[in-house]
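J.: Please read through the structure below; I'll follow up with questions.
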């Protein structure tokens with residue numbers, strides 16, 4: 001799969017982003033999104049996490065939210081004669097439904113919410129989903145809420161990631177995207193790896209065919225030197241292999257040599273997971289710049305009790 005198809009697109013320069021910025025705020029998509037969210041937080045008297053979505057939904061003309069619906073996908077927004085109705089798929093974890101609720105609230109910004117039923121302001125486009133993802137993450141983890149003593153992110157680690165996820169009531173993937181990709185507070189890469197067959201058809205399995213521990217999702221800053229491709233095998237990295245086979249937390253230093261774009265000494269944390277979508281065993285990996293210069297090529301250190309790190313991915 002080409003690299004450009006593996007990197008999350010940036011919607012900020014697209015036509016829909018320009019429309020959103022012109023309608024809701026000055027200068028940029030980022031400031032427009034922050035502005036509309038801050039306005040809603042002020043109107044609902046919210047200044048600390050976790051954000052209560054229900055009063056925000058009410059202000060955005062959402063009359064009802066059905067938390068245990070049977071639908072295709074995670075969520076749906078239906079304009080009706082009473083306002084919007086949001087449906088959330090019942091079989092997902094409540095944190096995932098909470099995040100999708102925020103996503104459906106975001107879609108209301110592409111409607112005139114005064115009439116009944118609400119009226120669409122602009123034709124749908126793929127770019128809208130990306131903008132709604134950004135809006136949802138701002139709803140769940142407002143940038144203004146990350147400046148207090150107990151909410152300011154500390155150095156990147158799984159323990160800190162878990163602390164912030166519990167505080168803001170989000171999944172680790174959403175918090176990682178917020179801190180690494182959106183706000184660029186953490187200089188780190190997070191990999192979700194699964195034990196699975198090759199992701200591509202047999203005719204395209206030029207390298208490393210068959211079942212292995214492979215990268216299935218990457219969260220990174222998007223800058224040069226930080227790209228790790230999907231389907232990349234990671235089972236030859238000792239720390240990751242140990243976390244997978246022993247089903248416990250490991251961390252230490254790894255010397256990378258053309259691992260995607262990664263080269264040189266990095267600090268690595270690896271934690272065993274079970275994929276929520278496939279049920280396959282796997283490992284979540286955090287890669288950070290190393291601050292040491294004379295460490296072994298690969299080493300593990302005293303492990304943390306797995307129960308201390310247990311959280312939803």
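We did not get these values from a lab; they are worked out from the coordinates using the rules stated. Note that the structure is a prediction, hence the values are computed from the model and not measured. No Cβ is skipped: glycine too gets one built from the backbone with ideal geometry, and neighbour counts run over all protein chains shown.
J.: Give, in nm to one decimal, the length gained when the segment between residue 121 and residue 28 is fully stretched (0.36 nm per residue of separation minus the Cα-Cα distance).
T.: On the way: separation 93, 0.36 × 93 = 33.48 nm, distance 1.98 nm.
Residue separation times 0.36 nm, minus the Cα-Cα distance, leaves 31.5 nm.
J.: Further question: Taking the mean number of other Cβ atoms within 10 Å as a proxy for protection, how do you rank 232-239, 98-105, 40-47 from highest to lowest?
T.: Result, highest mean first: 98-105, 232-239, 40-47.
J.: Okay, moving on. Cα axis of helix 158-168 to longest principal axis of the chain: angle in degrees, 0 to 90, nearest 10?
T.: Its long axis makes an angle of about 10 degrees.
J.: If I compute semi-axes √(5λ) of the Cα gyration tensor in Å from the structure I just sent, which labelled value in (i) 42, 28, 17; (ii) 36, 21, 19; (iii) 33, 25, 19 lines up?
T.: (ii)
J.: Round to the nearest 10 and give me the degree value, 0 to 90, for the angle of helix 15-24's Cα axis relative to the longest principal axis of the chain.
T.: 50 degrees
J.: If you don't mind, there's one more thing I want to ask. If packing is taken as the average count of other Cβ atoms within 10 Å, what order do 159-172, 25-38 fall into, highest mean first?
T.: Going from most to least packed, we get 159-172, 25-38.
J.: Going by the alpha-carbon gyration tensor, a ≥ b ≥ c the square roots of its eigenvalues, is region 3-146 rounded (a/c under 1.5) or, if a/c is not under 1.5, prolate (a/b greater than b/c) versus oblate?
T.: Working: a/c = 1.23, a/b = 1.18, b/c = 1.04.
The shape class here is rounded.
J.: I would also like to ask the following. May I ask for the angle, rounded to the nearest 10°, between helix 126-140 and the longest principal axis of the chain, with both axes built from Cα atoms and the value confined to 0 to 90°?
T.: 90 degrees
J.: Run the quick spin-label model on residue 159 and residue 63: label points 7 Å from Cα toward the beta carbon, then report their separation in nm to one decimal.
T.: 5.1 nm
J.: Okay, moving on. How would you order 248-256, 140-148, 186-194 from highest to lowest mean count of nearby Cβ atoms within 10 Å?
T.: Ranking, from highest mean packing down: 186-194, 248-256, 140-148.
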